[in-house]
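The structure appears right after this line, and notes come after that.
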Amino acid sequence: MSQREKAILPLLLTQLRLPTMKRLWEGLASEAEVKGWSGPTYLSSLCEREVADRDHRRLARHMMEAQLPKGKTVENYDFNNIAGITKAKILGLASGEVWVKEGMNVLIFGGSGVGKTHLAAAIGEKLIEKGFRVLFNRTTELVQKLQAAKRSLTLPVALEKLDKYDCLILDDFGYVQKDELETSVLFELICERYERKSMVITCNQPFKDWDRIFLDKQMAIAAVDRLVHHATILEVEAESYRRKQAINKKNGKEAEK
């Protein structure tokens, strides 16, 4: 290879936005020469590295934008602590093969501290690994953002931005204030994503108590109807993790005395 080719190739790779190929081409060319690779074999090897590195960067970027709570994975969830929900079932949901592609929902119900958020975040992480885009939200925080958008007449734009995510995780759905503006924007979000884009919702209140969330009873019925229409419902029955940890901590201190 001439000096001119050596000088121009990095510039071309930069222009083509192929940073991994730019970084590796020279070293891999030396390896190809030693091993007697053909031109297509060398090029194929270089392209494979570019694609693999691009996939890794995309995964890292999507993990960061998802804003998932740290450390809540399928692997470190204690399935022995709950009844009726298996690791295999959660991994099946985490593939997203059917329900995310068809705009279905997963609704996770249970009392405080039983691991609903952990399950939702764990599903979200696996979905990202499968190539889906996910965004985790505390429901009250997202509703406040949508409220502000509605006041500034930019709610359609805000909903359109959320539309790029294959799955929205709405955590602690039951803590939304029973306020007309809050519940109306939440209902608009549900309607906007209905049968198009998926949601994972965690809630400590059963459907029969959703009139505590939505100011209007008919709106509550309509919201439930849309969410349940294409949904997998998980009921988490377990002892509160926080209560269990507090008891263990207390017992540990007493044992030290």
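The values are calculated or read from the model by the stated rules, or taken from the named source; none is laboratory data. Model, not experiment: these values are computed from the prediction. We place every Cβ from the backbone using ideal geometry, glycine too, and count neighbours over all the protein chains shown.
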Number of positions in the range 91-102 that are within 15 Å of residue 75 (Cβ to Cβ) and either surrounded by fewer than 17 Cβ atoms within 10 Å (Cβ to Cβ) or at pLDDT 95 or above (or both)
1
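Just checking, how many residues over the range 143-179 are of a type in the set (A, V, I, L, M, F, W, C) and farther than 27 Å from residue 91 by Cβ?
Going through the range 143-179, the residues of a type in the set (A, V, I, L, M, F, W, C) turn out to be 143, 146, 148-149, 153, 155, 157-159, 162, 167-170, 173, 176.
From the residues that got through so far, the ones that are farther than 27 Å from residue 91 by Cβ too are 143, 146, 148-149, 153, 155, 157-159, 176.
Residues flagged as of a type in the set (A, V, I, L, M, F, W, C) and farther than 27 Å from residue 91 by Cβ within the range 143-179 amount to 10.
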Output for the range 193-209, where each listed residue is touching a helix residue (DSSP H, G or I) at 6+ places or on another chain (Cβ under 9 Å), over 14 Å from residue 142 (Cβ atoms) and part of a helix (DSSP H, G or I):
207, 209
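Which of the residues belonging to the range 210-255 are under 30 Å from residue 193 (Cα atoms), assigned to a helix (DSSP H, G or I) and modelled with pLDDT under 90?
Within the range 210-255, the first condition is being under 30 Å from residue 193 (Cα atoms), and the residues that meet it are 210-237.
After this cut, where a residue has to be assigned to a helix (DSSP H, G or I) as well, the list is 210-212, 217-229.
Within the range 210-255, 210, 211, 212, 217, 218, 219, 220 meet the criteria.
For the range 1-35, which residues satisfy the criterion of being basic (Lys, Arg) and out of contact with any helix residue (DSSP H, G or I) (no Cβ under 7 Å at 6 or more places or on another chain)? If you could, list the steps in order and put the result at the bottom.
Our first condition is that a residue be basic (Lys, Arg); within the range 1-35, this holds for 4, 6, 17, 22-23, 35.
If the condition is that a residue be basic (Lys, Arg) and out of contact with any helix residue (DSSP H, G or I) (no Cβ under 7 Å at 6 or more places or on another chain), then 4, 6, 17, 23, 35 are the ones that fit.
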Sort out which residues of the range 27-43 are of a type outside the set (A, V, I, L, M), under 22 Å from residue 55 (Cα atoms) and surrounded by 10 or more Cβ atoms within 10 Å (Cβ to Cβ), and write them in order of number.
41, 42
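Quick one: which of 66, 148 is farther than 29 Å from residue 208 by Cβ and in contact (Cβ under 8 Å) with a residue 24 or more places away in the chain? Break it down into steps so the answer makes sense when it comes.
Working: 148 fails: in contact (Cβ under 8 Å) with a residue 24 or more places away in the chain.
After ruling out the rest, the residue left standing is 66.
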